[in-house]
Amino acid sequence: MTDPDKCAACGECVAACPAVAREIVGQKMTVAEVMAQVKKDVIFYDQSGGGATFSGGEPLMQPQFLLALLAACRAEGIRTAVDTTCHAEPQIVRQVAETADLFLCDIKHMDCGMHRQYTGVGNERILDNIRLLAGIAREIYIRVPIIPGFNSGRENMDQTSRFVQSLKTVRRVDILPYNRGGLEKAVRLTGGIDLMQAQAPGDDTMAEIAGVLRGYGFEVKIGG
Amino acid sequence: MTAFYQSDVPMRESVPVCRALAFKYLMEHKTICVNDGELIVGEKGPAPKATPTYPELCCHSMQDLQILNDREKIPFAVSEDVRRVYREKIIPFWSGKTMREKIFKAMDEPWRQAYEAGMFTEFMEQRSPGHTVLDNKIYRKGMLDFMQDIQHSLQALDFFNDPQAYAKQQELHGMLICVKALIRFAERHADKARDLAARERDPQRKAELERIAEVCSHVPAHAPRDFWEALQYYWFVHLGVTTEMNPWDSFCPGRLDQHLYSFYKKGIEEGTLTSEQARELLQCFWIKFNNQPAPPKVGVTAAESGTYTDFAQINSGGMKEDGSDGVNDVTYLVLDVVEEMRLVQPSSSIQVSKKNPDRFVRRAAKIIRTGFGQPSVFNCDLIAQELIRMGKSVADARNGGSSGCVEVGAFGKEAYILTGYFNLPKVLELTLNNGVDPRTGKRIGIGTGEPEQFGTFEQLFEAYRRQLNYLIDVKMRGNNIIERLYATYMPAPFLSILIDDCIASGRDYHDGGARYNTNYIQGVGLGTITDALTAIKYHVFDRKTVSMRDLLAALCANFEDHEPLRQTLWQKTPKYGNDDDYADDVMRSVFEVYFQAVDGRPTMRGGRYRVNLLPTTVHVYFGSVMGATPDGRKAGLPLSEGISPVQGADRQGPTAVLKSAAKMDHGRTGGTLLNMKFNPQVLEGDDGLDNLKDLIRSYFRLDGHHIQFNVVDAETLRKAQARPEEYQNLIVRVAGYSDYFVDLGKDLQNEIIARTEQKAF
């Protein structure tokens, strides 16, 4: 077990173990290094109409780096998507919208109090930013993680739908079934406290919620 | 057969005529069976799922028969009667006279040594040259038309100027005998069906039997008039080819959808055929293939190989002769049948051209997703390029395709012979031991220097190249003799009727009569040899963190007490399959050396040698004769298969595997085999189908030759291994073919489980 307060992430333990029992998650890279990776798959983007998606963590937390990558992709003719919580300075959101082709914006809960309780922040700034993007972004998909006992109730879905309708420019809402894959990370970091205490939703629940959203006229994908 | 050879015919007649008379004898004496309910008739043996043996090629010993009867995997019931006939008649007569014995007698000592060491295998020691595919000629011409062609050829013989005129005359006489024999064989089926019809009470079956009799009286003597006759004609031809000899992986109809389309269209337009009837006939046809077990092998092969049903790969889609989109209504019908029947054989492939609609690829992807390893997917545009590079005309190349596992040829116009697998990693093992096989201490290769004396990776690689060239020479010298043995003793006059231009040239299929003649040597273990060389380059020469001496000591000890070094070699080394040029460049170098050693060299039938890269299941055997390798693989474990990365070495996802594999110049091969395995979930929904389609299309834009998919999860496979009785119908893609998982040996099962499971796109 690593004590996160004491580990300096120097990597010596990783180098010393031939069996790769230890690893450093994540690495520092330059724009050129990231682009070298991104460009490896150009043939697949060209074939499928896909491109590079910048997600996180939260890509808007490294705005200069993100902007440089988006510009580099644009120069290479690679389509880009930014997968974000939209919890950022509007100024940054505005800048990123100039070069990104697609935004994937999460809406976790329409109730500000619930949002604060579970994520540590309220949702005002997030919803403001989404409103802002609705006017300037090339394309937006809204993504809702479906977490039973937290946001999967009918009322929240209706509120979410009405909000997205009010944006007028967004047609697509994807719903993502909660999965407990993150627990493994929690175990590795903290010894494993399940903060969410939630189960993965069943296929029925997902289909039902998709039906509700489609009733509002959205194009809906489960799993997006 | 033995009775025939014991007569004085072999002493009286020329070899081709004698072979033709043997064929006639079989066609006249074979038990005729018309099974209940079937529409397409004819079996190779006296009953479905029975198989004849071919003692003239390779005679089973009493012990072989015992093994075949007793083995756990796919036993063949060998009755006491059969044993007695073998003991008293067949074995005493054939001993010393079979092709197998002729071949081993003719091989020199270096060949024998290398063969025994597991350096290469030899296809023709147990079965005859095969993998032949038919074009559209039988749908246009009856056997009587071929008879006329043969007679024209006979009339044109020039006994004044052509020293080969007599040999040609005998070959053509042999063909004439075979034409008549096949027609007679069909007539015997017509008689039998008529007999059964007379006694049949069910009016529907009675009508069917009468129709069968009518069909069998018309084809193969005449060109087929409708869909039913076309299929029955092909089937008689198939039985003819596989009765005449025991060709490797039998015989295939090739582009079945294109061959049948005109009959289908005509039937639908005239109202004489419905798509339901066409579907039923195709289903009957499929069952025919599935009823043909591959004739059992002998010796070690009989014990170890879970012998499969005889291969036949039916190509769908692709392009037409004029280069246009070849997909038609029958294509989709064939794919429906593949999905409904879920049979191991005939194996199905789709030939994908950039001109084919996405609907076609998606339809096939839907079947792939159901997880029985079919259809396999070929790049038809690239195959045409490969064939053109090898000297085929544009039309012949477009009419060509793939057969057996992945090998390509000009359908109906080429004898392309797989001659044996070649163990690429074993060459390195010999190089690291200065030509000596460490397993036996015998000298197999040439002296290329003590490895500790190599100052650079280039010196090591040069030694590898010299060692490889020498061993290819050993193999090729053997091949060239074996070719002449077949040309001399085992002509195939019936098959020669079917392959252009044997009739026109009066020469046998085994003797250069075909328009094109290719010999393939199949390289095996590309992933393993790449990773092994890469590990040496990286650790010994570039980073100098491991000495050659330590590495050799660890290999010699099978990494016993060297686990940290093994982990380093296995985990902390660039590996092929990750789109990492460090390793992939080594792969390219290995390919280049192999290609240069083989490609373009003359065969004894007037053709050229070419390379392809496919393993079937031999990577397991080749691994079993090898010690530990510098990529961290322990002694005896399987090698990598096809051009796939070493099992578990690819960690960057499927697109990286495709990128790495595509760095090889597939256009200069005659086939490569790439396996990928997915969980069924990966391919869920319309998105899953589109992803699979795009993955295929992308790989083919990169000029990949072939890709096939296993869609099962490792968990399922482990359960199947533990409780085979519950998973009898689980089909997995093995190499160039699918098989029942529970019928595979344990090593092969483990190997399939270990193949990297791709978790997501």
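Once the Cβ-Cβ distance between B:Q283 and B:R359 is put in as r, and R0 is 22 Å, what FRET efficiency do you end up with, to the nearest 0.05? Don't skip to the answer; put the middle values down first.
Values: r = 23 Å, r/R0 = 1.04.
It comes to 0.45.
For the pair region B:442-474 and region B:580-600, the centres of their Cα atoms are 16 angstrom apart.
Given an 8 Å cut-off on Cα distances and at least 6 residues of separation, report the relative contact order of chain B as a percent. All intermediate terms of the calculation are to be shown ahead of the outcome.
Values: 1499 pairs, mean separation 109.2, N = 761.
Once divided by the residue count of chain B, the mean separation gives 14 percent.
Here region B:330-450 is treated with +1 on each Lys and Arg Cβ and -1 on each Asp and Glu Cβ, and its dipole about the Cα centre works out to around 220 debye. Computed packing ranks the peptides A:74-84, B:603-613 as B:603-613, A:74-84, most packed first, by mean other Cβ atoms within 10 Å.
In terms of its C-alpha gyration tensor, region B:67-117 comes out oblate, because a/c is 1.5 or above while a/b does not outweigh b/c. Legend: mean number of C-beta atoms from other chains within 10 angstrom of residue C-beta atoms, peptide A:36-45, equals 4. About the centre of its Cα atoms, region A:29-222 shows a dipole size close to 200 debye [charges on the beta carbon of Lys, Arg (+1) and Asp, Glu (-1) only; nearest 20 debye].
The mean sequence distance of close C-alpha pairs (under 8 Å, at least 6 residues apart), as a share of the length of region A:1-136, puts its relative contact order at 18 percent. When the GluC sites (Glu not before Pro) in region B:49-112 are filtered for DSSP coil states and for at most 14 other beta-carbon atoms within 10 Å of their beta-carbon, the remaining sites are B:E72.
More than 45 Å apart: what percent of Cα pairs in the protein assembly as shown qualify?
Details: 186307 of 484620 pairs.
Of the Cα pairs, 38 percent sit more than 45 Å apart.
Take B:269-279, B:551-561, B:228-238 and order them by the average number of nearby Cβ atoms within 10 Å per residue, most first; the result is B:228-238, B:551-561, B:269-279.
Just how many % of Cα pairs in region A:29-222 lie over 20 Å apart, if you round to the nearest whole percent?
In whole percent, the share of Cα-Cα pairs in region A:29-222 beyond 20 Å is 60.
With unit charges on the beta carbon (Lys/Arg positive, Asp/Glu negative), name the residue among A:M110, A:V82, A:Q37 whose Cα is farthest towards the positive pole of the charge dipole of region A:18-130. With unit charges placed on the Cβ atoms, the residue in question is A:Q37. Among the listed pairs A:K6/B:K575; A:K6/B:K572; B:K97/B:K442; B:K30/B:K180; B:K320/B:K354; A:K6/B:K544, give every one whose C-alpha distance is greater than 22 Å. From the list (A:K6/B:K575; A:K6/B:K572; B:K97/B:K442; B:K30/B:K180; B:K320/B:K354; A:K6/B:K544), the Cα-Cα distance tops 22 Å for A:K6/B:K575; A:K6/B:K572; B:K97/B:K442; A:K6/B:K544.
With semi-axes defined as the square roots of five times the eigenvalues of the C-alpha gyration tensor, the equivalent ellipsoid of region B:375-469 measures 39, 15, 12 Å, largest first.
Report the charge-dipole magnitude of the protein assembly as shown in Debye, nearest 20, computed about the Cα centre from +1 at each Lys and Arg Cβ and -1 at each Asp and Glu Cβ.
Details: 116 positive and 128 negative charges, 133 e Å.
In debye, rounded to 20, the protein assembly as shown gives about 640.
Shown here is the pair-distance distribution of chain B: with all Cα-Cα distances grouped in 20 Å bins from zero up to the longest one, the shares run 17, 51, 29, 4, 0 percent. For the residues of B:691-704, the average number of beta carbons from a partner chain within 10 Å of their own beta carbon is 3.
Computed packing ranks the peptides B:17-24, A:50-57 as B:17-24, A:50-57, most packed first, by mean other Cβ atoms within 10 Å.
Summing Lys, Arg as +1 and Asp, Glu as -1, what charge do residues with Cβ under 14 Å from the Cβ of B:R477 carry, B:R477 excluded?
Details: positive: B:R112, B:K475, B:R484, B:R601; negative: B:D108, B:E109, B:E122, B:D473, B:E483.
Net charge around B:R477: -1.
With a simple spin-label model that places each label point 7 Å from the Cα along the Cα-to-Cβ direction, the separation between B:E276 and B:E563 comes to 6.6 nm.
With the alpha-carbon atoms of region B:213-363 aligned to their principal axes, the span from lowest to highest coordinate is 54, 41, 29 Å, starting with the largest.
Note on B:K677: lysines with a C-alpha under 18 Å away, same-chain residues under 8 apart excluded, are B:K366, B:K659, B:K693, B:K719, B:K759.
Throughout, read-outs are computed from the coordinates displayed, never taken from laboratory work. Every value quoted in this text rests on a predicted model; they were computed, and no experiment measured them. Every residue, glycine among them, receives a Cβ derived from its backbone with ideal geometry; neighbour counts consider all protein chains shown.
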